[in-house]
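The values are calculated or read from the model by the stated rules, or taken from the named source; none is laboratory data. Keep in mind that what you see is a predicted model, and the values were worked out from it rather than measured. No Cβ is skipped: glycine too gets one built from the backbone with ideal geometry, and neighbour counts run over all protein chains shown. What goes into the accessible areas is simple: the full protein's heavy atoms, side chains included, and nothing from ligands, DNA or RNA. Shrake-Rupley method; radii C 1.70, N 1.55, O 1.52, S 1.80 Å.
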Amino acid sequence: MKKLLSAIGLIPINIAIASHSFASDWSTIEQQADGQTVYFHAWGGSQEINHYIQWAGDELKSRYNVTLNHVKVSDISETTTRLVAEKAAGRNTGGSVDMVWINGENFKSMKDNQLLFGPFAESLPNWQYVDKTLPIDVDFSTPTEGLEAPWGLAQLVFIHDQEELNAPPTCFAQWLEYANAHPNRLTYPRPPEFHGSSFLKALLIELTDNDEALQKPVSEVDFDQMSQPLWDYLDAFHKVAWRGGRQFPAGTAESIQLLDDGQIDIAITFNPNAVYSAQANGNLEPTTKAYSMQAGALSNIHFLAIPWNANASEGAQVAINFLLSLKRNRVKGYRCLG
């Protein structure tokens, strides 16, 4: 289990407070959660993460009689679309989603559309264990305002085989130089898939020298001027990318497969420990290694949230509180933000 856990990895808006009552006594919430089923919408593309969520579900059932049902989605935007439809239909109670693994643009979309329960995060007993020195109050420039609880850290990293590529590019300028010298050997997942979008964000950070304008609303920025270096770079890179930039991997799993098959020289993931789990599963050679770029390195915090109309909001709070448990982190070896 320790190996499994270590394989997992992180404009103010008026918010309509959900109609759920917030119990000041945590024991009352636990009593109300007893017997509830929590439908947890989370990315299902990692076998290790899926196994971990299953383990967490077993613990929640044993400790609190809360059933955690992992609804596997390929992109959490699918869940956002479902919730928007429920909002439009006036389904303000008894919703089909109780808990979501979320961050970035999906959090902003749910916040903008007033689809979130809370604020609740700072009321959780295990909030005391969250590392407050980290930027947990902002999610890709959108204030969290207690509407989501930080679950862990992640960083965009690159995987290579040391026997095949001893000195990989450590910045995107070198990435393009390598691609020109070795055509058809580099690629990235197709956006808007998360890893592909993250690649473009990291690239833009380096190309603009992390311009402070990137942290401001787009209306305050000359978009064409700010983004032009990105388009120029991609025009040059796609000419020498894998399959001439006409085809891209669907995600990190396919990138790792292409690396293992010898079709590309570098794979991309947002989990620094993904290389070890892939090696353990026989999907990568023992000589593979993960590294991060010296410039344009992108990291983020991922969060857990509860929809405004959750049918089991108490069970979701109990589940999130457990996932922030300090005892769980220390005993089981999974380091997140506690």
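Can you figure out the FRET efficiency of TRP55 with GLU177, using R₀ = 41 Å and their beta-carbon distance, to the nearest 0.05?
On the way: r = 44 Å, r/R0 = 1.08.
Plugging the Cβ-Cβ distance into 1/(1 + (r/R0)^6) gives 0.40.
Taking label points 7 Å from Cα along the Cα-to-Cβ direction, GLN257 and ASP112 give a separation of 3.3 nm.
Please sort 107-119, 157-169, 77-89 by packing, taking for each peptide the average over its residues of neighbouring beta carbons within 10 angstrom, highest first.
Working: 107-119: 20.2, 157-169: 17.2, 77-89: 15.6.
Descending mean neighbour count gives 107-119, 157-169, 77-89.
Put simply, the convex hull of the Cα atoms in the chain casts, on average, a shadow of 17.4 nm². Mean separation of Cα pairs under 8 Å and 6 or more residues apart, divided by the residue count, gives the stretch 172-275 a relative contact order of 41 percent.
Over the chain, average the accessible area per residue using a 1.4 Å probe and give it in Å², no decimals. Could the numbers behind the result be given before it?
Numbers: 15630 Å² over 338 residues.
Per residue, the chain has an accessible area of 46 Å².
Expressed as a whole percent, the accessible surface of the stretch 14-141 that belongs to carbon and sulfur atoms is 46, based on a 1.4 Å probe. Rg to Rh for the stretch 136-185: what is it, with Cα atoms only and Rh by Kirkwood? Result: Rg/Rh = 1.25.
If the cut-off is 19 Å between C-alpha atoms, which aspartates and glutamates fall inside it for LYS289, apart from same-chain ones fewer than 8 positions away? Cross-link targets: GLU48, ASP161, GLU163, GLU164, GLU254, ASP260, ASP261, ASP265. Label-to-label distance for ASN184 and ALA167 is 2.6 nm, based on points extended 7 Å past Cα in the beta-carbon direction. If you average over every viewing direction, what projected area does the convex hull of the Cα atoms of the stretch 184-310 give, in nm²? Taking a quarter of the hull surface, the average projection is 10.5 nm².
Computed per residue of the chain from DSSP H runs no shorter than four, each worth -39500 (n - 2.57), the mean residue ellipticity at 222 nm is -11000 deg cm²/dmol.
Dipole check for the chain: with +1 at the C-beta of Lys and Arg, -1 at the C-beta of Asp and Glu, and the Cα centre as origin, the magnitude is about 880 Debye. Spherically averaged projected area of the convex hull of Cα atoms, the stretch 28-136: 7.9 nm².
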